[in-house]
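*Asks:* Following this message is one structure expressed as structure tokens.
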Amino acid sequence: MRLLLIEDDDMIGSAVRQGLARAGFAVDWVVDARDAQLSLSTGVYDLAILDLGLPRGDGMDLLKDLRRSGDAMPVLIASARDTVKDRIAGLEAGADDYVLKPFDLDELVARVRALLRRHAGSGSPVLRHGELSLDPVRKEVVQAGQPVELSAREFAVLEALMHKPGAVLSRERLEEAVYGWGQEVASNAIEVHLHNLRRKLGSAAIKNVRGLGYRIGGES
């Protein structure tokens with residue numbers, strides 16, 4: 001899953017990006033409202049973490065513009081604006097959650113996961129499809145009751161597919177979900193990860209929809 005972190009404080013931004021990366025997310029980080037607007041316009045993100053006090057614009061205006069454009073991507077505000085009025089304003093502007101600085105990084109990760117589950121229409125932290133289950137918190141995959149060992153990249157590809165069971169994801173979309181800015185991506189990287197996943201999970205686990213992309217199970 002690919003996240004956009006919008007935070008102008010270097011120390012907070014660095015810590016949050018590292019913490020989210022350790023939790024298995026691909027994270028892009030921008031430090032002002034103008035760059036955030038350009039990044040959001042790409043439509044590649046699954047969730048944004050938004051500070052409100054930003055250079056070159058205000059985070060609240062950024063959020064309102066996003067919602068006016070019809071973008072329903074989950075947004076978690078992480079701000080030092082701590083009055084009840086501020087929190088209400090953020091939620092009414094379209095934020096899905098609001099956390100106050102300073103925050104606990106583990107709590108932030110848990111809130112991010114909860115928002116992603118809610119957006120995907122699932123209340124359970126464990127993603128399931130048939131006999132296959134994936135626990136994004138424990139980084140565990142189980143198939144027919146047996147644990148499956150995956151690399152970090154293989155896990156990220158499988159998680160992206162299982163968040164949208166039945167949906168066809170293109171190779172480009174899987175790259176966007178797994179890799180952040182500045183990470184070198186070989187032209188066949190996703191195909192290699194998918195090949196390894198099929199070897200470990202069975203050839204029928206992931207279907208290739210010719211000319212479109214890949215999906216979990218189902219008919220090709």
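The values are calculated or read from the model by the stated rules, or taken from the named source; none is laboratory data. Computed from a predicted structure; not experimentally measured. Methodologically, a virtual Cβ is constructed for each residue, glycine included, from the backbone with ideal geometry; neighbour enumeration extends over all protein chains shown. Accessible surface areas use protein heavy atoms only, side chains included; no ligands, DNA or RNA. Shrake-Rupley method; radii C 1.70, N 1.55, O 1.52, S 1.80 Å.
*Asks:* Can you tell me which residue among VAL27, VAL16 is out of contact with any Ser or Thr (no Cβ under 8 Å at 6 or more places or on another chain), open to solvent by less than 60 Å² (accessible area, probe 1.4 Å), assigned to a strand (DSSP E or B) and under 16 Å from LEU115 (Cβ atoms)?
*Replies:* So the residue among VAL27, VAL16 that is out of contact with any Ser or Thr (no Cβ under 8 Å at 6 or more places or on another chain), open to solvent by less than 60 Å² (accessible area, probe 1.4 Å), assigned to a strand (DSSP E or B) and under 16 Å from LEU115 (Cβ atoms) is VAL27.
*Asks:* When you scan the range 54-65, do you find a residue that is at pLDDT below 95, open to solvent by less than 70 Å² (accessible area, probe 1.4 Å) and touching a Lys or Arg at 6+ places or on another chain (Cβ under 7 Å), even just one?
*Replies:* There is at least one residue in the range 54-65 that is at pLDDT below 95, open to solvent by less than 70 Å² (accessible area, probe 1.4 Å) and touching a Lys or Arg at 6+ places or on another chain (Cβ under 7 Å).
*Asks:* Another question about this same structure. Applying the selection to the range 185-220, what residues are free of Cβ contacts under 8 Å to residues at least 60 places away in the same chain and in a helix (DSSP H, G or I)?
*Replies:* ALA189, ILE190, GLU191, VAL192, HIS193, LEU194, HIS195, ASN196, LEU197, ARG198, ARG199, LYS200
*Asks:* Out of the strands (runs of 3 or more DSSP E) lying entirely within the range 97-137, which hold 3 or more residues that are under 20 Å from LYS164 (Cα atoms) and open to solvent by less than 70 Å² (accessible area, probe 1.4 Å)?
*Replies:* The qualifying strands (runs of 3 or more DSSP E) are 132-135.
Per-residue answers, yes or no, for (1) in contact with a helix residue (DSSP H, G or I) (Cβ under 8 Å, 6 or more places away or on another chain); (2) among the aromatic types (Phe, Trp, Tyr):
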residue: VAL16; (1), (2): yes, no
residue: PHE25; (1), (2): yes, yes
residue: ALA36; (1), (2): yes, no
residue: GLY43; (1), (2): no, no
residue: PRO55; (1), (2): yes, no
residue: MET60; (1), (2): yes, no
residue: VAL75; (1), (2): yes, no
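*Asks:* Looking only at the range 169-196, filter to residues that are open to solvent by less than 20 Å² (accessible area, probe 1.4 Å) and over 18 Å from the mean Cα position of the chain (by Cα); which one of those is modelled with the highest pLDDT?
*Replies:* My answer is LEU194.
*Asks:* Taking only pairs six or more apart or across chains, which ones have beta-carbon atoms under 7 Å, a first residue in the range 60-86 that is closer than 22 Å to HIS119 by Cα, and a second residue that is of a type in the set (Phe, Trp, Tyr)?
*Replies:* Note: pairs meeting the criteria are MET73/TYR45; ILE77/TYR98; ALA78/PHE103.
*Asks:* Could you please give the count of residues in the range 138-168 that are open to solvent by 30 Å² or more (accessible area, probe 1.4 Å) and under 14 Å from ALA23 (Cα atoms)?
*Replies:* Going through the range 138-168 one residue at a time, the tally reaches 6.
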